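Accompanying notes for the structure given below.
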Amino acid sequence: MASVYLSFLGLGQFNKDRKVYEYTPTVYELNGKESGKTQFVQAAEIELLGSDCFDKVIIVSTKLSHDTHFESLKHRLMDIGVIEDKIFNLQIGDSMTPESQWEGFEKILSHINKRDRLTIDLTHGFRASSIILSAAINFLQKAKAIQLMAVYYGAFEKNRQLAPIIDMKDFYIINEWAEGVSRLIEDADARKLGQVAELSPVNYVQDLNDKQIAKAFDDLTNCVRNVDVNNVTQKANSAITLVVEKLKNATGIGKILLETVYDKFVDLTTQEPVSGVYDKEYFLLQYKITKMLLEHKLFMQAYTVMRELISSIGMIQVKKVNIAAKKGRNRRQQYAEVFLKMIEIQKEEWAFPEPGPNNKKNPGNRCEELKPYYNKLKDVGIVDTLSFTKEMTQYRNGFDHAWTGKDGAFIDIEEKSLVFLNKIKKVLSMLQENKIL
């Protein structure tokens, strides 16, 4: 984890009288401190930051800019206290071909190690070199977890007597925010958003830089990824409420990112409090959760929700069932699994125990209680439409047992998941059309 300074060395202006390329000496200012007069912005920055701040000073140049200025710059750096062994020159080609630009990009990457603390100066970038370095920064943040300390630009043209050095790091932090939002909406992963909120100063993308929002979406995505379906709506409502509040005054980049997050998760919210029963809103939410899981390619979780959705259909006409109550959850265990078996197995092949008196947990008793409801579903074609359930359960069980009972994972998991979801959608429509749901 070295502290690295990286800068480009250009040619400067051509002096027609002296017939040489040169930089005009000036005084630079950074954070209220002034440097000695120098023609090299790199020397000014290191002087102001401290000659012992960096483990490596890397100067990127073309052959021509190296031959013209490098030795002078090197001696100037040594004069202000930089040890010679810490100064490195990295030459890149001056061709504008994609091959040459790519080669320069890879050379820069090879000199930066994992978790280095990187300070960059872009003042004298050669042609497209600033674009190359911007791409390198983004890549290094992701591939090598570098910590970007500063991105300096010496604004010589603004004031030739006292040129301000501007830190452009803010613009690279935007990439981190964009990645955090991308992970949230594409992978249901709020961890990156939380990390950026934790590390970024409050004035960066302030509309999103709210630890309360990061925590709310962390709670929501944990519910989604952990298939905690009965708590998803509550978490989604909390998160979206915070986003809506922020959107009232949001502008620019913060507004764009907040709207992106809102559009992704608003479907999981409800305007009315959750009823606590197996009603139309409950099943619609399960469908939406499954759809979102499939969009994120979280197939194991999606198959689990689909199986539980189908077993929940058996609870629609069971009395005294409250999803949030312990007694209601106990009744679900007694009825839902029996209903699922009734759907998966042909009626003539049912092998439930004989009904017995005063035995509430006897599957045979529950089967007898569910028969009138099952027959109603049979009469309107819902049982036949649910005939895919046994096959779907095989996929879910494959995940549940890590495919150890198979030669390997089924190769059509994604394709089949969409087929099953469409059939579930049809079943939900049939339940509504027949006023069962």
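The values are calculated or read from the model by the stated rules, or taken from the named source; none is laboratory data. None of these values were measured; they are calculated from a predicted model. All Cβ positions, even for glycine, are placed from backbone atoms using ideal geometry, and neighbour counts span all protein chains on display.
The residues listed here are Leu268, Leu242, Leu284; of these, the one that is at pLDDT 85 or above and closer than 20 Å to Tyr303 by Cβ is Leu284. Just so you know, in segment 10-22 the residues that are touching a helix residue (DSSP H, G or I) at 6+ places or on another chain (Cβ under 8 Å) and of a type outside the set (A, V, I, L, M, F, W, C) include one that is surrounded by the most Cβ atoms within 10 Å (Cβ to Cβ), and it is Gly10.
Just to check your reading of the model, which residue among Thr270, Thr251 is over 21 Å from the mean Cα position of the chain (by Cα) and within 26 Å of Tyr172 (Cβ to Cβ)?
Working: Thr270 fails: within 26 Å of Tyr172 (Cβ to Cβ).
The match here is Thr251.
Restricting Arg115, Arg160, Arg127, Arg191 to those that are of a type in the set (Lys, Arg) and modelled with pLDDT of 80 or more reduces the list to Arg115. Here Ser275 clears all of (1) buried (at least 21 other Cβ atoms within 10 Å of the Cβ); (2) modelled with pLDDT under 85 except the condition numbered (1).
Condition check for Phe8 on (1) closer than 21 Å to Tyr152 by Cβ; (2) in contact with a Leu (Cβ under 6 Å, 6 or more places away or on another chain); (3) assigned to a strand (DSSP E or B): one failure, at (2).
Among the residues of segment 139-173, how many are assigned to a helix (DSSP H, G or I) and surrounded by 15 or more Cβ atoms within 10 Å (Cβ to Cβ)? Counting residues in segment 139-173 that are assigned to a helix (DSSP H, G or I) and surrounded by 15 or more Cβ atoms within 10 Å (Cβ to Cβ) gives 6. So for segment 50-71 (the condition being under 22 Å from Ile166 (Cβ atoms), of a type in the set (Gly, Ala, Ser), exposed (fewer than 14 other Cβ atoms within 10 Å of the Cβ) and assigned by TED's automatic domain parsing to the domain that holds Met149), does at least one residue qualify? So far as segment 50-71 goes, yes, one or more of its residues are under 22 Å from Ile166 (Cβ atoms), of a type in the set (Gly, Ala, Ser), exposed (fewer than 14 other Cβ atoms within 10 Å of the Cβ) and assigned by TED's automatic domain parsing to the domain that holds Met149. Report yes if His124 is buried (at least 19 other Cβ atoms within 10 Å of the Cβ) and outside any helix (DSSP H, G or I), otherwise no. When the stated conditions are applied, His124 passes them.
Against the test of being within 16 Å of Thr389 (Cα to Cα), in contact with a helix residue (DSSP H, G or I) (Cβ under 8 Å, 6 or more places away or on another chain), in contact (Cβ under 8 Å) with a residue 12 or more places away in the chain and of a type outside the set (Ser, Thr, Tyr), the options Met306, Met315 yield a single qualifying residue, Met306. Pairing residues of segment 160-189 that are β-branched (Val, Ile, Thr) with residues that are surrounded by fewer than 17 Cβ atoms within 10 Å (Cβ to Cβ) and assigned to a loop (DSSP other than H, G, I, E, B), at Cβ distances under 6 Å and at least 6 apart in sequence or on separate chains, gives Ile166/Ala155.
When the residues of segment 27-47 are filtered to those that are under 16 Å from Ile80 (Cα atoms) and touching a residue at least 60 places away in the same chain (Cβ under 8 Å), which remaining residue is farthest from the chain's Cα centre (by Cα)?
First pass over segment 27-47, keeping only residues under 16 Å from Ile80 (Cα atoms): 27-28, 33-47.
The next check asks that each one be touching a residue at least 60 places away in the same chain (Cβ under 8 Å); those that pass are 27-28, 34, 41-42, 44-45.
Numbers: Val27: 43, Tyr28: 40, Glu34: 41, Val41: 37, Gln42: 36, Ala44: 39, Glu45: 35 Å.
Looking at the filtered set, the residue picked out is Val27.
Every condition in (1) in contact (Cβ under 8 Å) with a residue 40 or more places away in the chain; (2) hydrophobic (A, V, I, L, M, F, W, C); (3) part of a helix (DSSP H, G or I) is met by Leu118 except one, and the failing one is (3).
For segment 332-346, the set of residues classified as among the aliphatic types (A, V, I, L, M) and in a helix (DSSP H, G or I) consists of Ala336, Val338, Leu340, Met342, Ile343, listed by residue number. Within segment 286-322, the residues that satisfy the criterion of being part of a helix (DSSP H, G or I) and within 16 Å of Arg332 (Cβ to Cβ) are Gln286, Thr304, Val305, Arg307, Glu308, Leu309, Ile310, Ser311, Ser312, Ile313.
Look through Thr251, Thr241, Thr269, Thr260 and report the one residue that is crowded, with 17+ Cβ neighbours inside 10 Å and in the same structural domain as Cys223 (by TED's automatic domain parsing).
Values: Thr251 fails: crowded, with 17+ Cβ neighbours inside 10 Å; Thr241 fails: crowded, with 17+ Cβ neighbours inside 10 Å; Thr260 fails: crowded, with 17+ Cβ neighbours inside 10 Å.
Only one candidate passes the filter, namely Thr269.
Only one of the numbered conditions (1) touching a Ser or Thr at 6+ places or on another chain (Cβ under 9 Å); (2) part of a helix (DSSP H, G or I) is not met by Tyr278, and that is (2).
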